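Have a look at the structure below before the remarks.
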Amino acid sequence: MNNMPQIKRESLMTLEAYAKARKEFRANVIEHKKRRTVHLGDHVTLLFEDEMTIRYQVQEMLRIERIFEEEGIEDELAAYNPLVPDGMNLKSTLLIEYEDVAERARMLAQLKGIEDKIWLQVAGRSPVFAIADEDLERENDDKTASVHFLRFEFTEGMIQTLKGGADIAAGCDHPQYRAKLAEISPITRQALIADFS
């Protein structure tokens, strides 16, 4: 299996260096994320994570928490590195977004289990359903969470088909929220293919 780079301790900026670089780095990450975002209908967004997006999250956590001791930094890396794709999968943050607070509460109750109903499909292949929230349970008896972490495992054949030019579709099969994108944009497709190299 070809492993994608994990974020190494020595590659992180110090708090001081990050303070200087943050504005430019943040702007770059925002642009980078635009190419890695898929909207399913009006209320569900998939943000596909990679080394750069997770590096940004780690640097932000270190900054916010003012973590500069080795042990604390290693703890953050241990928490965040599993969110970087490993060369055979795509990893995504699932965001369920309703602006109105009352509507959000109502819908999160109706959308229990939605995280298991999200899929990606390489043209001509079977859909790949998400494996959700491996780090911790984000749903309770009453409702689902508005944020989930998803992993999509691809076969070598699917990856080769995708690299060969096939389209990739995305969708949600939840009975209370059905959405399908017949093909994700070429720019996003290109960004995701890089996660398999």
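The values are calculated or read from the model by the stated rules, or taken from the named source; none is laboratory data. This one's a predicted model, so the numbers in the text were calculated from it and none came from an experiment. A quick note on method: Cβ atoms are made from the backbone with ideal geometry, for glycine too, and the neighbour counts reach across all protein chains shown.
Odds and ends about this structure:
- Complete set of residues in the stretch 75-109 that are among the β-branched types (Val, Ile, Thr) and either over 20 Å from Asp142 (Cα atoms) or assigned to a helix (DSSP H, G or I) (or both): Val84, Thr93, Val101
- Any chance Val58 is buried (at least 18 other Cβ atoms within 10 Å of the Cβ) and not in a strand (DSSP E or B): yes
- Residue list for the stretch 178-188, restricted to those being surrounded by 18 or more Cβ atoms within 10 Å (Cβ to Cβ) and out of contact with any Gly (no Cβ under 7 Å at 6 or more places or on another chain): Ile184, Thr188
- Of everything listed in (1) in the same structural domain as Ser185 (by TED's automatic domain parsing); (2) farther than 30 Å from Met107 by Cβ, the single unmet condition for Tyr18 is (1).
- Residue in the stretch 132-142 that is surrounded by fewer than 13 Cβ atoms within 10 Å (Cβ to Cβ), acidic (Asp, Glu), within 28 Å of Thr161 (Cα to Cα) and at pLDDT 95 or above present: no
- As a summary of the residue check, Asn140 satisfies the conditions (1) under 11 Å from Leu94 (Cβ atoms); (2) not in a strand (DSSP E or B) except for the one numbered (1).
- Condition check for Phe149: of a type in the set (Phe, Trp, Tyr) and under 18 Å from Thr37 (Cβ atoms): yes
- Selection from the stretch 5-42 of residues that are in a loop (DSSP other than H, G, I, E, B), in contact with a helix residue (DSSP H, G or I) (Cβ under 7 Å, 6 or more places away or on another chain) and not β-branched (Val, Ile, Thr): Pro5, Gln6, Leu12, Met13, Arg35, Arg36
- Residue list for the stretch 13-36, filter: touching a Phe, Trp or Tyr at 6+ places or on another chain (Cβ under 8 Å), at pLDDT 95 or above and more than 18 Å from Asn89 (Cβ to Cβ): Phe25, Arg26, Val29
- Filtering the stretch 141-178 to residues that are over 18 Å from Trp119 (Cα atoms) and of a type in the set (Lys, Arg) leaves Lys143, Lys163.
- Count of the stretch 28-38 residues which are in contact with a strand residue (DSSP E or B) (Cβ under 9 Å, 6 or more places away or on another chain) and free of Cβ contacts under 8 Å to residues at least 60 places away in the same chain: 1
- Within the stretch 157-187, being in contact (Cβ under 8 Å) with a residue 40 or more places away in the chain, assigned to a helix (DSSP H, G or I) and under 19 Å from Gly124 (Cβ atoms) holds for Ile159, Leu162.
- Members of the stretch 54-68 found to be among the aromatic types (Phe, Trp, Tyr) and either at pLDDT below 95 or more than 20 Å from Pro85 (Cβ to Cβ) (or both), listed by number: Phe68
- Between Asp116, Asp133, Asp173, the distinction of being more than 17 Å from Asn89 (Cβ to Cβ) and among the charged types (D, E, K, R) belongs to Asp173 only.
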